[in-house]
Structure formats: structure tokens, C-alpha cells
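Written out below as C-alpha cells is the structure these notes cover.
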Amino acid sequence: MGLTSTLTLNNGTKIPAIGLGVYKAEAGEEVYQAVRSALELGYRHIDTASLYANEEGVGQAIKDSGIPRDEIFVTTKVWNDEQGFQETKAAFARSLERLQMDYVDLYLVHWPVPGKFIETYQALEDIYREDQAKAIGVSNFEPHHLEALLKEARVIPAVNQIELHPQLQQQHIREFCAKHDILIEAWAPLGKAQYFDHPTLQELANKYQKKPSQIIIRWQYQSGIITIPKSVRKARQQENVDIFDFALSKEDIAKIEAMDANQRLGQHPDEFDYGV
Ligand SMILES: NC(=O)c1ccc[n+]([C@@H]2O[C@H](COP(=O)([O-])OP(=O)(O)OC[C@H]3O[C@@H](n4cnc5c(N)ncnc54)[C@H](OP(=O)(O)O)[C@@H]3O)[C@@H](O)[C@H]2O)c1
């Protein structure tokens, strides 16, 4: 229980069930302070990406925290314009350098760039074999992308990080991934804080004397979904993980499940402008 609570990936690696996302945390002071404060609060899992242009600050904050590297789970991702076999290896080396690390815990293919994602993933397999990533996986993969990948893959992806929140529950991807022993990570887990006033969330917040954000994160936690809410503010970081002193009943989980509206805040992977 608590922030040390982990889930086990398909290769036996443990991943803290809740992490800090840092998309849109500005490079430099903002991301640095966000990671420092999260680590002080007990977070041990940070989710960044080459795209976020803030890996330097993440790495510096981890280094300055004095917490042993092996106690912190770090994820980064290869961006779309870095994909391809050799290109990905070079991109990974740049990420490690910016992070000031000699390995990451999880390296992800950020989006399934058509015509490229398989060779990109093959570069991740090499990186994994060389023990420079403790686990590898994908992000924004629909079942058809995973089917194509699984035909070629020698290492089953450990996770699929997808947009997932009460109004976009992604049941078809969750079922596919469960069958293949791929854990789901939720991005935009709070729905980017855009519908905390939804009547169901308000009702449950009142009932449990919690915030809507906490109801959502507790639901993800109880559903076995890894979640990475982003906040650069310490008070919200604290609030987002203060979810271990209550449990949602089955009936209330069903109420959240009934909020599913197939409503996306980001792009559909099949409609994304990959520029290729
Ligand atoms: N793989 C992908 O393609 C992909 C795409 C998007 C995101 N991600 C990852 O997923 C992480 C989370 O997603 P996200 O950042 O898009 O959305 P999110 O975590 O759902 O929401 C973040 C927003 O909510 C605000 N917020 C956080 N906690 C709050 C609280 N307790 N009360 C009120 N407002 C709160 C934050 O503002 P403040 O920071 O100002 O508090 C920020 O504006 C990202 O940071 C990134 O690591 C991955």
C-alpha cells in the first residue's frame, strides 16, 4: 500500500503503480522543482519523453535528490521523428545523456509511426538485451498495431501507455493487452482536470470525502492500471497520491465505468498526423 505499491511487468520488473508525469512541465526550474517535490513526497516513478524536452531537469533532480538511482523508476520515450532502427539507438543515447543515466527502467515507442514502429521496436529489443532499459514497451498502440508488432517481436512489450480516464476507458485495448500480459498505463489519467465537475465524480467525492482527482486515481489503482498524473505543484502532487485510506465499492466502480463516453482529449492513433 502507498506510493511504494508496485505492479509486476511481464519480465518480473516491478513498477510503482503511481508515478509523476511531466508532459508540459517546462524545462529547467519548473520540471526540476516538480520532480524534487514529488520525490520528497515519496513518488518513485517519473514519466518523461524526448518530446517533452525536459529530460535534463528530470535527471538533475533525481541526481540531486540523493535517492539511489535503483530506487526510482524512470520512463522515457522515442519521439516520432526519431524512429527507425539506427535512429532510435541514437535517440536513446541522447536521452540517456540528457538524463545523466546509464539505463532507464522503461523505454517506450511513443506513437506507432506507420512503416517505422516495428524497426523502432527492434532497436528497443537490442537496448533491452544490452540491459540499458530494464523493460520496453509501446504507447498509443491500438490492437491492430500490437498484432503486427507481436508477429515480429521477440520481447513482448511490458506496457502500452494510452490515453485513459473515466470518459475514455479503452476497454478493447485493455482486453487485448490483458490477454497478452501487457500492462496498461493511463496517460491524461485525470482527463487533464477538465471534467472534475462531472456529477458522478462530485457524488463520489462527497460520499468518500475525497477530491474528484482522488476518486479517479483510486479507480485506476483498483483497476490494476498504472497511472501517471501530472502536476508541477506540490500540494496537488500530494493530493493525487492521498488515495490509500479509502476503497471504492464495486457499485461505485460501476458508476465510474458508466462514465465511459469514448471522449478523447488527444489524438486517435489512426488519425494522428505523423508527417510521413
Ligand atoms: N504517451 C503519450 O502519448 C502521452 C500523452 C500525454 C501525456 N502523457 C504522460 O501522461 C502524463 C499525464 O497526462 P497529462 O499531463 O496530459 O494530463 P493529466 O495528468 O490528466 O492532467 C494534468 C493537468 O491537471 C492539472 N492537475 C493535476 N493534478 C490536479 C489536481 N489535483 N487538481 C486540479 N488540477 C490538477 C495539472 O496542472 P498543474 O501541473 O498546474 O498542477 C495539469 O494541467 C503526462 O504528464 C505524460 O507524462 C503521455
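Just so you know, all these numbers are worked out from the coordinates, no wet-lab data involved. What you are looking at is a predicted structure, and each value in this text was computed from that prediction instead of being measured. So basically every Cβ, Gly included, is an ideal-geometry build from the backbone, and we count neighbours across all protein chains shown.
Side notes on the structure shown:
- Gaussian network model of the chain, springs between alpha carbon atoms under 10 Å - residue of 228, 256, 216 with greatest fluctuation: 256
- Euclidean distance between Cα centres, region 74-143 to region 211-268, Å: 28
- Dipole of region 2-257 [Lys/Arg +1, Asp/Glu -1 at C-beta], most positive-end residue of 93, 113, 5: 5
- Bridgeable lysines around residue 255 (alpha carbons under 19 Å apart, same-chain partners fewer than 8 residues away excluded): 207, 210, 211.
- Three semi-axes describe the equivalent ellipsoid of the chain; taken as square roots of 5 times the Cα gyration tensor eigenvalues and ordered largest first, they are 28, 23, 16 Å.
- Taking other C-beta atoms within 10 Å as the exposure proxy, 181, 70, 126 rank 70, 181, 126 from fewest upward.
- Beta bridges per DSSP, both residues in region 2-257: antiparallel share near 15 percent.
- Look at 8, 227, 13, 120 and count the other Cβ atoms within 10 Å of each Cβ; fewest to most, that gives 8, 13, 120, 227.
- Rounded to two decimals, the Cα-based Rg/Rh of region 163-255, with Kirkwood Rh, is 0.96.
- P(r) tail fraction, region 3-115 - alpha-carbon pairs more than 22 Å apart, %: 31
- 5 Å-binned pair-distance histogram of region 121-276 (Cα, whole percent): 2, 8, 17, 19, 18, 14, 10, 7, 3, 1, 0
- Helical contribution to [θ] at 222 nm, DSSP H n ≥ 4, -39,500 (n - 2.57), averaged over the chain, rounded to 500: -12000 deg cm²/dmol
- Loop-resident sites, region 187-276, for GluC sites (Glu not before Pro), counting at most 10 other Cβ within 10 Å (DSSP): 271
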